[in-house]
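These notes are about the structure you will find just below.
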Amino acid sequence: MLAVLAGMVFGAHPALACTAVYVGTDASTDGTAIIAKSNDYQAVWPNYVEVIARVEGEPGRTMPVDNDKTVQAPLPETTYRYTSTPFMDSGTATSGLAHDATVCANEYGVAIEMSITAFSNKAALAADPLVEHGLTEFTAVDLVVCQSKTACEAVEVLCGLIDSYGNSEVNIALIADQHEA
C-alpha cells in the first residue's frame with residue numbers, strides 16, 4: 001500500500017492541457033449554471049484583470065481575427081465594457097502576442113472562455129479545415145464579448161466570425177449569461 005501511495009505522489013505529472021468545467025442548472029444546488037477553467041501555463045505567468053471601456057458611436061474600428069493581426073474584423077459602432085484576464089507574460093513568451101485573453105465577461109453578464117485544449121480527428125478537419133489566419137482562442141473572446149448582450153447572441157457572433165474567417169486552431173468555447181449557458 002505504501003508503494004502505491006508513493007507512486008501516486010512522486011509519480012504524478014502536471015497536466016499540460018487547459019481544462020474546463022461546466023455545471024448545468026440541474027446539477028447545481030441553486031440552479032445556477034457555472035463555467036470555469038484551469039490554465040496549463042507556468043505559475044510564474046499569472047493572470048491579471050484588464051477592463052476595456054465601453055465605446056459608443058465610433059464607426060470604422062476593427063479587432064484582430066488572427067494572432068498575427070493580419071486579418072481584422074469590423075466592430076459595431078458601440079462595443080460593451082468588459083473585463084479580460086490575459087496572462088502577464090505567457091503570450092509574449094510563447095507566441096509573441098502581447099495580449100492573450102482567454103476569459104472575458106461584459107457589462108451585461110455575458111462570459112466566454114475559449115483557452116481549452118481540444119483536438120479534432122481527420123474526418124472533422126477534412127470537412128472543416130483550419131485556415132492560417134483564422135480565428136483563435138486569444139482573439140475570439142474579446143471579439144465576441146465586446147458585442148454581445150446575451151449568451152445566445154454571443155454564440156451567433158462567434159459562429160458568424162467562424163463562418164467569415166474560419167478557425168486557425170481547434171477550440172472549445174463555453175459561453176454563459178445569467179439565464180443560459
Can you tell me the length gained on complete extension of the stretch H133 to D68, counting 0.36 nm per residue apart and subtracting the Cα distance? 22.6 nm
So if each residue of separation counts as 0.36 nm, and I subtract the Cα-Cα distance between T117 and T25, what length gain in nm does that give? 30.7 nm
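Since every read-out is calculated from the coordinates, none of them should be taken as a lab result. Source: prediction; values computed, not measured.
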